[in-house]
Structures are given as C-alpha cells and as structure tokens.
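Visitor: This structure is in structure tokens; I'll ask about it shortly.
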Amino acid sequence: MVAACAVVLVVTVLQQRRIGDDDDPSETPDVIEYMTMMIGVVYAIVLGLAIAGVWEGRSAAQDHVRNEAQALHEVHERVRVYPTEVRNRIRADVDTYVSHVVTTEWHTMKTKGHLTAEGTRLFDRVRHDVTDYQPKTDFEAQAYQPLVDQVTAADDARNARADSTGATMPGVVWFGLITGALVTIGMVFALQIRRTARELVLAGLFSALIAFLLFLVWDLDAPYSRGVAATVEPFRMLFPHAG
C-alpha cells in the first residue's frame, strides 16, 4: 500500500514539473471523465466479485475442517456400543489421526500445499477399524451403518480439504485484476491531476485502497496458508487433547 501510494505521488509530482504555466486542467474533455467513471465502476465490480469469490472459498475451506472434525467426533463417541477392546482401538486410532492432522499435516498444508501420506495411512486405519468389524448383536448392527456413514463423511471432507490447499484464482484473473488496477490509477493522470495537497492525498489514498484490496484477494486466495486462513480450531475444540 505504501509503495503504490508513493509511486502515484512521485509520478504526479514529476508530471507537474513538465507542465507549462499556460496549462488549463479545465480543458479535460468530458469523454475522459465519463470513461474514467465507467472504468472505475467496472473495475469495482470485478474486484468485488474477486473478493467475494476468495472469501467464499475461505469459508468453504473452514467448513471442510469443521465437517471432518465433527464426523470423526461422531465416530469417537458412537463406538461406545462396541466391545471395550474394539472401542478403545478405534478411539485410539482416531486420536492418533487427529493429533497428526493438527500438528504435522496442518504445517505441511501451510508450507507445501498438500496433505501427508502419513495422514492418509492413519485415516485408512480408522476406516478399516470401523468397516472390518463384524457386529455381534443387533444393537451393534444398528450402530454399524451410521459409523460407516460418518467415516465416509470424514473422507469426503478430507478430500475437499486437500482440494482447497492451494491457490484458487487462475492466472488470467490476476492478469485482469492487476491490469485493471494500473488502468484505473492511470486514468487519474489522464484527468490532469494537480499538485495540490488535497489532490495528492486523494490520489494516494485511492491507490493505497486498490493495493489493499488486491492484497486482500491474494491473502484469501490460499485458505490454509496465509494471514486470514482457515484454522484447526474445530479439531482442537472436539478433541482437546489432540497434539
């Protein structure tokens, strides 16, 4: 933001030094003012859609974490109807997987943008614990299918989390956003802005605002690895001893 503001101010000051005393800023054609307004409106719409898109992606990424944690919590609690040995084994494997997610796998997601093979192996062990057990009573049989469904829901959420680890904005969209910002700020000079304090402040604030909004889009573009990122709190809330 500071760099964008400084560039606009420096260019404005240098431009004013080259303008003669007989220059009249009121001679700016009306069509330029109209085009500046239209470019600003169009770019504002595009920028707003970009911000809404990346924010929606960030919210969806947080929902994936919440759904996975909730499904695993249901597995952890519903196995209480199983024999003690089976129940303890499933709960231990769920706790091991969650501990791996909140420590090692989450760090890998933030730094490298993908899940870990160890996390996949640990999740498969939980799945096998649940699906390979043969119910001995009708009560256990009634609990078996809901447990399998919860494992499936956790698997879907994990796969969705894997798909959301990287950046989502295509390069062509970034090209349009950056080009639009340059054109929009460039139109300020087309209006023959003067070197008065008021106009310089407005030009600087305008350029800083666009720079901040572009930074916001970039920050939200990777839901798990940048500033305003999805968190691992759903796992920590449902599994307080994880990690």
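A short reminder: the numbers here are calculations on the coordinates, not readings from a lab. As the structure is a computational prediction, the values presented were derived from the model and not from experiment. FYI the Cβ positions are ideal-geometry reconstructions off the backbone, even for glycines, and counts take in every protein chain you see.
Visitor: Find the Cα radius of gyration of region 56-174, compare it with 2.2 N^0.38 Å by division, and give the number to two decimals.
Guide: Here the answer is 1.20, to two decimals.
Visitor: Using 7 Å Cα-to-Cβ label points, what is the Ala141/Asp63 separation (nm, one decimal)?
Guide: Here the modelled spin labels are 3.7 nm apart.
Visitor: Per residue and in Å³, how big is the convex hull formed by the alpha-carbon atoms of region 132-221?
Guide: Once divided by residue count, the hull of region 132-221 is 122 Å³.
Visitor: GNM on the chain, C-alpha springs below 10 Å: top fluctuator among Arg158, Arg198, Arg226?
Guide: Between Arg158, Arg198, Arg226, it is Arg198 that shows the largest mean-square fluctuation.
Visitor: Suppose the chain between Val86 and Gln134 were pulled fully straight at 0.36 nm per residue; how much longer would it get relative to their current alpha carbon spacing? Could the numbers behind the result be given before it?
Guide: Details: separation 48, 0.36 × 48 = 17.28 nm, distance 1.06 nm.
In short, 16.2 nm is gained.
Visitor: Going by alpha carbons, how many degrees (0 to 90, nearest 10) lie between the helix axis of 197-221 and the longest principal axis of the chain?
Guide: The angle comes out at about 20 degrees.
Visitor: Looking at region 105-169, I'd like the Rg to Rh ratio, where Rg is from alpha-carbon atoms and Rh is Kirkwood's inverse mean 1/r. Could the numbers behind the result be given before it?
Guide: Numbers: Rg = 15.4 Å, Rh = 13.5 Å.
Computed over Cα atoms, the ratio is 1.14.
Visitor: Counting only the backbone N, which residues of region 204-230 are under 19 Å from the spot 7 Å out from the Cα of His107 toward its beta-carbon?
Guide: 224-227, 230
Visitor: Semi-axes of the chain's equivalent ellipsoid from the Cα gyration tensor, sqrt of 5 times each eigenvalue, largest first, rounded to whole Å?
Guide: Semi-axes (√(5λ), whole Å): 58, 15, 12.
Visitor: Over region 83-235, what is the relative contact order in percent, taking alpha-carbon pairs closer than 8 angstrom and at least six residues apart? List each step's numbers first, then the result.
Guide: Details: 85 pairs, mean separation 40.9, N = 153.
The normalised contact order for region 83-235 reaches 27 percent.
Visitor: Give me the extension gain from Phe212 to Val173: residue separation times 0.36 nm, minus the current Cα-Cα distance, reported in nm with one decimal.
Guide: Difference between extended and current length: 12.3 nm.
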